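Q: Take a look at this one; I'll ask things after.
The values are calculated or read from the model by the stated rules, or taken from the named source; none is laboratory data. The structure displayed is predicted, hence computed values, not measured ones. Heads up, the Cβs are rebuilt from the backbone with ideal geometry, glycines too, and the neighbour counts pull from every protein chain shown. These area figures cover heavy atoms from the full protein model, side chains too; ligands, DNA and RNA do not enter into them. Shrake-Rupley method; radii C 1.70, N 1.55, O 1.52, S 1.80 Å.
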Amino acid sequence: MECQPSLSPHQFPLYWFSVPAIMKGWIDRVLSQGFAFSLQKMYNNGIFKDKKAMLSFSTGSMQTMYRPDGVNGDINVTLWPLQNGVLHFCGFQVLAPQVFWCPGHSPPANRTAMLDGWRARLKTLLVERPLTFAPCELFDLTFPGGFMLRPEVREEQSTRPHGITTGHHLGKPLPPDNQLKSEG
């Protein structure tokens, strides 16, 4: 019997740059230490490493408002705590999010196009490549090592134009759309 990959979708409206309180409560109660992660089983070595997850959410703002020069700031920074700090931390392979930009203030034709796009994406969702995150192997995962980037990795990264990820920017510009699109 062939095992089918599983997907953990998380659908919500973006409230105050995060999930609604009820979803935050679910995250805190369900994705708990011992069940969803441990110090030995986290990130790409996590408990859910063979499962995929994704965020699907609507915003009350236009897409341009979530650009690096938009009033709300870069959406990649907004998504980092949820996609890396919750889903990837528990081991999930995180797929690019499905974002419905400002549907409440969009004309009916635009809302229909959003739904048509989502319907088409659902047909190939399980074969999508996940987003890229820094693998645990880049870090010294010991208390004496401080769980820090290994010196040889830091040296290798010194000549690259961008940081490794949105959260591991190393004082450089953020990788473009690191939390919105997979590489490749």
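Q: Between 146, 85, 25, where does the largest GNM mean-square fluctuation fall for the chain, given springs only between Cα atoms within less than 10 Å?
A: 146
Q: Separate question: Suppose we flag GluC sites (Glu not before Pro) only when DSSP calls them loop and at most 12 other Cβ atoms lie within 10 Å. Which is the longest uninterrupted stretch of the chain?
A: 3-182
Q: Follow-up question, since we're still on this one. What residue among 63, 40, 83 shows peak mean-square fluctuation when the chain is described by a Gaussian network model with Cα springs under 10 Å?
A: Highest fluctuation of the listed residues: 40.
Q: Sticking with this one: Hey, could you pull the Cα Rg and Dmax for the range 106-174, both in Å?
A: 19.3, 57
Q: When only the heavy atoms of the protein chains count and the probe is 1.4 Å, how do 66, 15, 43 rank by accessible area, highest first?
A: Output order, biggest surface exposure first: 15, 43, 66.
Q: In deg cm²/dmol, rounded to 500, what helix-only [θ] at 222 nm does the chain give when every DSSP H run of at least 4 residues adds -39500 (n - 2.57) and the total is split over its residues?
A: Helix contribution divided over all residues of the chain: -6500 deg cm²/dmol.
Q: Just to verify a number: what accessible area does residue 47 come out at with the full protein assembly present, 1.4 Å probe, Å² rounded to tens?
A: Rounded to the nearest 10, that gives 70 Å².
Q: Carbon and sulfur: what percent of the chain's accessible surface (1.4 Å probe)?
A: 59 percent
Q: Select from 108, 144, 20 the residue whose mean-square fluctuation is largest in a Gaussian network model of the chain (Cα-Cα springs shorter than 10 Å).
A: 144
Q: What chymotrypsin sites (Phe, Trp or Tyr not before Pro) in the range 105-173 are in a loop by DSSP, with at most 16 other Cβ atoms within 10 Å of the Cβ?
A: In loop regions of the range 105-173 (DSSP not H, G, I, E or B), the sparsely surrounded chymotrypsin sites (Phe, Trp or Tyr not before Pro) are 147.
Q: On a C-alpha basis, how far is the centre of the range 92-138 from the centre of the range 150-184 in Å? Whole number, if you could?
A: With the range 92-138 and the range 150-184 each reduced to a Cα centre, they are spaced 23 Å.
Q: Amide H to amide H under 5 Å from residue 139: which residues, 5+ apart in sequence or cross-chain, H placed 1.01 Å off N in plane?
A: Close amide H contacts, sequence-distant or interchain: 150.
Q: Whole-Hz Karplus ³J(HN,Hα) for the range 39-48, in order, using 6.51 cos²θ - 1.76 cosθ + 1.60 and θ = phi - 60°, x for Gly and Pro?
A: Couplings: 5, 8, 10, 8, 6, 5, 9, x, 4, 9 Hz.
Q: Any of 52/172; 41/181; 49/172; 52/123; 51/123 with alpha carbons more than 21 Å apart? Name them for me.
A: Over 21 Å apart, Cα to Cα: 52/172; 41/181; 49/172.
Q: Using only the alpha carbons of the chain, what is the convex hull's orientation-averaged projected area in square nanometres?
A: 12.9 nm²
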